[in-house]
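K.L.:
One structure, as structure tokens, below. Some questions next.
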Amino acid sequence: MATSLKSIEAQIKKLQARAQALRDRDRKPVIAAIVRQMKAHEISVAEIAEALGKPRAPRGAGRKAAAPGRPRKAVPVKYKHPETGETWTGRGRTPRWIVEAEKAGTDRSSFAV
């Protein structure tokens, strides 16, 4: 049975139209429920627009910031690579050079400053 490209494209268009109709049908009750809730709580469209327009807080925004006007204290270095001079404070992710050295059997304390 030979099917032409045009007939397949026509079938695709019909299926896409049906899919869109199903999406629209499923959305209508959801939209109606949202409108009912907005009316029940006296929420205006402008309030929704304002809420949607608010940018998200950047990552770490909840962290305690240094007091204004006072610079943060530098964290002292705890580990140093003897050959490359790379350093690590002991905070955050362990650097690759320490991870590799520990896999090779070297103790972390050998890099202590």
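K.L.:
Determine the principal axes of the Cα atoms in the chain, then give the extent along each, sorted from largest to smallest and rounded to whole angstroms.
P.N.:
Rounded to whole Å, the extents work out to 72, 59, 21 Å.
K.L.:
So, one more: Taking a cut-off of 19 Å between Cα atoms, list the aspartates and glutamates near K14, but don't count ones fewer than 8 places away on the same chain.
P.N.:
D24, D26
K.L.:
What does the extension gain come out to for I8 and A74, with contour length at 0.36 nm per residue minus their alpha carbon separation?
P.N.:
17.0 nm
K.L.:
Let me ask another. How do 17-25, 91-99 rank on mean C-beta neighbours within 10 Å, highest first?
P.N.:
91-99, 17-25
We did not get these values from a lab; they are worked out from the coordinates using the rules stated. These numbers come from a predicted model, not from an experiment. Glycine also receives a Cβ, built like all others from the backbone with ideal geometry; neighbour counts cover every protein chain displayed.
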